[in-house]
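The values are calculated or read from the model by the stated rules, or taken from the named source; none is laboratory data. As the structure is a prediction and not an experimental result, all values here were calculated from the model. Cβ atoms come from the backbone with ideal geometry, glycine included; neighbour counts cover every protein chain shown. Each accessible area value is taken on the protein alone, full model and side chains, heavy atoms only, with ligands, DNA and RNA left out. Shrake-Rupley method; radii C 1.70, N 1.55, O 1.52, S 1.80 Å.
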Amino acid sequence: VVTVPVPVPAHRDASYDVVVGAGLLADAPSLLARHSPAAAYAVIADDTVAPLHAAPLVERLARAGRTARLFTFPAGEAAKTRATWATLTDALLAAGIGRDAAIVAVGGGVTGDVGGFVAATYLRGVPVVQVPTTLLAMVDASVGGKTAVDTPAGKNLVGAFHPPRLVVADIDTLRTLPAAVLADGLAEAAKHGVIADAEYLDFVAGAAPRVRAGDGTPLERLVARSVEIKTAVVAADPVDRGRRAILNYGHTVAHAVEAASGYAVPHGSAVAWGLVVEARAGERAGHTASGTATAVAAALAACGLDAAPHQPWPLARLLAAMQVDKKRRGDALHCALPARIGVMCGDDRRGWTLAVDRGIMARELVAAGIAVEA
Ligand SMILES: NC(=O)c1ccc[n+]([C@@H]2O[C@H](COP(=O)([O-])OP(=O)(O)OC[C@H]3O[C@@H](n4cnc5c(N)ncnc54)[C@H](O)[C@@H]3O)[C@@H](O)[C@H]2O)c1
Ligand SMILES: [Zn+2]
């Protein structure tokens with residue numbers, strides 16, 4: 001078991017631990033009592049994860065003499081909405097869940113985001129414990145304190161900063177995860193290597209084939225190191241005004257691909273393409289050491305993340321989708337770019353994103369088989 005402490009600089013007493021290990025949920029009653037004591041636990045899960053991991057947790061809490069209730073919502077990004085937030089908060093109110101309760105969000109990033117947003121707002125805010133059950137949620141979504149729901153105008157547009165009291169990453173829960181969903185998390189882990197730690201990128205690429213074959217042994221180290229890297233970046237920029245932009249490496253392209261595909265492309269695949277295309281654009285623009293993109297692509301191939309989509313999207317549609325990117329300033333595209341593997345371009349004075357010529361981006365999207373000129 002590895003414990004990664006996460007500082008929250010603005011609120012010293014809001015620091016929390018991410019506990020990573022196999023079989024941790026067996027200790028959930030005492031972990032919760034220690035890190036987030038509460039009169040009752042409202043466990044929130046989607047209807048896929050509920051029978052697999054959340055109902056057993058509720059039972060275990062009950063057996064330990066705790067009051068615990070399960071609240072579910074439909075699985076999938078489509079349910080990460082204000083409507084789900086409203087249904088859940090109404091159900092909590094109807095069940096008489098009070099200010100002395102804590103919320104436990106058990107599931108992937110969707111559950112963490114919607115459960116965290118419920119916790120941030122319920123009775124003006126109650127504590128939340130994150131229990132991530134996807135690799136993506138373990139290495140990324142459960143850490144950093146961002147919660148949100150989607151709106152018709154875009155993803156994650158309504159939300160709050162609400163750091164958890166504790167994150168319990170029980171890697172045994174990943175055994176029930178479909179392979180494609182596991183790969184999503186590997187893309188983000190590879191991203192952490194590129195932005196901060198070349199040796200870790202090698203570790204991820206080396207471990208990925210074993211992990212994909214069902215060997216969970218490397219996962220404790222993988223999750224813990226990714227959490228350390230994300231945590232260090234978030235701690236340096238808790239409210240997302242500067243350095244935290246480097247976590248968005250690959251995501252300018254990824255978000256455009258997801259939008260252009262109507263969210264049919266899994267986030268991990270979109271991120272994998274984005275990591276490579278943005279590195280190539282960075283090389284072309286003279287910001288990124290040559291050979292970086294090829295090294296990134298090799299690591300992602302080991303993760304089982306394909307080099308190109310089956311069918312490219314119209315270039316104009318992708319470029320239009322990039323224009324609504326949250327990192328955009330003025331007319332040029334702005335991306336977080338690696339200087340080389342393990343080191344990102346930028347500094348706190350000039351910022352952590354660089355302008356990328358739309359023509360360069362367009363050429364690289366076409367060259368990668370992601371876009372086609374109409
Ligand atoms: N708050 C943040 O900082 C942050 C960061 C990254 C991503 N996110 C958000 O995370 C979401 C994506 O997360 P995700 O990929 O985990 O999606 P998800 O929560 O939808 O989970 C993916 C699928 O896997 C299923 N599932 C989850 N755990 C399982 C398990 N152990 N066994 C079997 N099935 C399981 C879910 O029911 C779902 O169908 C997005 O909404 C994204 O915006 C948030
Ligand atoms: Zn991502």
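Selection of segment 142-177 for residues being near ligand 1 (Cβ under 9 Å from one of its atoms), outside any helix (DSSP H, G or I) and open to solvent by 40 Å² or more (accessible area, probe 1.4 Å) yields LYS146, LYS155, ASN156, GLY159.
Residues considered: GLY274, GLY268. Of these, the only one that is part of a helix (DSSP H, G or I), within 14 Å of ligand 2 (Cβ to nearest atom) and touching an Asp or Glu at 6+ places or on another chain (Cβ under 8 Å) is GLY268.
Being open to solvent by less than 10 Å² (accessible area, probe 1.4 Å) and part of a strand (DSSP E or B), is that true of even one residue in segment 357-368? No, segment 357-368 has no match at all. Here ASP113 fulfils each of the conditions (1) over 23 Å from the mean Cα position of the chain (by Cα); (2) open to solvent by 20 Å² or more (accessible area, probe 1.4 Å) apart from (1).
Of all residues in segment 126-141, those satisfying the criterion of being under 25 Å from THR176 (Cβ atoms) and open to solvent by less than 10 Å² (accessible area, probe 1.4 Å) are VAL128, VAL129, VAL131, PRO132, THR133, LEU135, ALA137, MET138, VAL139. If only residues of segment 92-103 that are open to solvent by less than 40 Å² (accessible area, probe 1.4 Å) and out of contact with any helix residue (DSSP H, G or I) (no Cβ under 7 Å at 6 or more places or on another chain) are counted, the one that is nearest to ligand 2 (Cβ to nearest atom) is ALA102.
Conditions (1) within 16 Å of ligand 1 (Cβ to nearest atom); (2) part of a loop (DSSP other than H, G, I, E, B), marked per residue:
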{"residue": "HIS53", "(1), (2)": "yes, no"}
{"residue": "PRO56", "(1), (2)": "yes, no"}
{"residue": "GLU59", "(1), (2)": "no, no"}
{"residue": "ALA62", "(1), (2)": "no, no"}
{"residue": "ARG69", "(1), (2)": "no, no"}
{"residue": "LEU88", "(1), (2)": "yes, no"}
{"residue": "ALA91", "(1), (2)": "no, no"}
{"residue": "GLY96", "(1), (2)": "no, yes"}
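Pull out all pairs, ordered by first then second residue, where Cβ-Cβ is under 8 Å, the residues are six or more apart or on different chains, the first lies in segment 334-363 and is in contact (Cβ under 8 Å) with a residue 24 or more places away in the chain and under 18 Å from GLN323 (Cβ atoms), and the second is part of a strand (DSSP E or B) and among the small types (Gly, Ala, Ser). Taking only residues 6 or more apart or on different chains, the pairs are HIS334/ALA355; ALA362/ALA371. Can you tell me which residue within segment 292-311, out of those that are at pLDDT 95 or above and open to solvent by 40 Å² or more (accessible area, probe 1.4 Å), is farthest from LEU182 (Cα to Cα)? The selected residue is THR294.
Assigned to a helix (DSSP H, G or I), surrounded by fewer than 19 Cβ atoms within 10 Å (Cβ to Cβ) and either on the phi > 0 side of the Ramachandran plot or not charged (D, E, K, R) (or both) - does that describe any residue in segment 234-250? The answer is yes; a qualifying residue exists. Residues considered: ALA320, ALA259. Of these, the only one that is surrounded by fewer than 22 Cβ atoms within 10 Å (Cβ to Cβ), in a helix (DSSP H, G or I) and free of Cβ contacts under 8 Å to residues at least 40 places away in the same chain is ALA320. Which pairs have Cβ atoms under 9 Å, sit 6 or more apart or on different chains, and link a residue in segment 178-202 that is within 10 Å of ligand 1 (Cβ to nearest atom) to one that is open to solvent by less than 50 Å² (accessible area, probe 1.4 Å) and of a type in the set (Asp, Glu)? From residues that are within 10 Å of ligand 1 (Cβ to nearest atom), the pairs are GLY185/ASP140; GLU188/ASP140.
Within the set of pairs 6 or more residues apart or between chains, which connect a residue that is farther than 24 Å from ASP170 by Cβ inside segment 85-111 to a residue that is part of a loop (DSSP other than H, G, I, E, B) and more than 16 Å from ligand 2 (Cβ to nearest atom) with Cβ atoms less than 6 Å apart? Listed by first residue and then by second, the contacts come to ASP100/ALA39.
Scanning segment 1-35 for residues that are of a type outside the set (D, E, K, R) and either assigned to a helix (DSSP H, G or I) or more than 23 Å from the chain's Cα centre (by Cα) (or both) gives ALA14, LEU24, LEU25, ALA26, ALA28, PRO29, SER30, LEU31, LEU32, ALA33, HIS35.
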